[in-house]
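Undergrad: I'd like to ask you about the structure that follows.
The values are calculated or read from the model by the stated rules, or taken from the named source; none is laboratory data. What you are looking at is a predicted structure, and each value in this text was computed from that prediction instead of being measured. Because the Cβ atoms are built from the backbone with ideal geometry, glycine has one as well, and the counts that use them run over all protein chains shown.
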Amino acid sequence: MKHSGILFPAIAVAMLSACAYRDINPEAALADIRANNGYNELPDVEPGTAKLILRSAGSGYPAHFSVSTSAQACQGFTSLGHVADAGRGIVYPWIANAVQRGRRTEPYLVHEAKSGEPIQVRGYGSWADGTGSGYRTGNCGPVTAKFTPRDGHAYIVEFVWGSKPACSLNVMDATDRDAPVPVPTQAVLDCPAPSR
């Protein structure tokens, strides 16, 4: 089937949602989440740099991240790759692994940024819904945020899926990984979508 990479994970997640992994084994579920959302990498920041953990939330749809340190808005982006939330901690790890492989995405990306240098982070999502003649696809974004990473700090940049589907980009200072705090950012409007 043409869209089996999208349908199988959605069906598997739906079938097992009544039997959540976190309810059966909460400690193992938390360990699986932390191993696959960048939590364990947050403390390791090289001197003179800042670390960005890029991930998505709110849906299993994939999101593409790119970054730029150009002084010009929406210029000079470098692609980092695609991420997707595979239901870690909710479904069994083998199902989450199958979702990740089927969508050819990573659970998160790591980017080492130069501290004190403003950076633009662009997120762009794609979604698919339905089957047969009711199959629809679309995109959300790009949404772009600019901020200046601080030396020795770690940040979570999250592409957040909303309803309809809508999307936004959240930036959190996660230097204290158990108590992340929002980071003021500048929205960069009208950036073009990444080329395929």
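Undergrad: From the set of residues in region 106-150 that are among the charged types (D, E, K, R) and in a strand (DSSP E or B), which is modelled with the lowest pLDDT?
TA: Asp129
Undergrad: When only residues in region 125-156 that are touching a residue at least 12 places away in the same chain (Cβ under 8 Å) and of a type in the set (Val, Ile, Thr) count, which is surrounded by the most Cβ atoms within 10 Å (Cβ to Cβ)?
TA: That would be Thr144.
Undergrad: Further question: Take region 66-124 and flag every residue that is farther than 19 Å from Leu169 by Cβ, crowded, with 18+ Cβ neighbours inside 10 Å and of a type in the set (Asp, Glu).
TA: none
Undergrad: Asp190 is checked against (1) exposed (fewer than 14 other Cβ atoms within 10 Å of the Cβ); (2) farther than 18 Å from Gly76 by Cα; (3) among the charged types (D, E, K, R) and fails just one. What number does that condition carry?
TA: For Asp190, the failing item is (2).
Undergrad: Among the residues of region 171-189 satisfying the criterion of being closer than 22 Å to Asn37 by Cα and assigned to a strand (DSSP E or B), which is nearest to the chain's Cα centre (by Cα)?
TA: Val171
Undergrad: Which condition number in (1) in a strand (DSSP E or B); (2) under 15 Å from Asn37 (Cα atoms) is the one that Ser168 fails?
TA: In the conditions (1) in a strand (DSSP E or B); (2) under 15 Å from Asn37 (Cα atoms), Ser168 misses (2) alone.
Undergrad: So, in region 25-52, how many residues would count as being among the polar types (S, T, N, Q), part of a loop (DSSP other than H, G, I, E, B) and within 19 Å of the chain's Cα centre (by Cα)?
TA: Qualifying residue count, region 25-52: 2.
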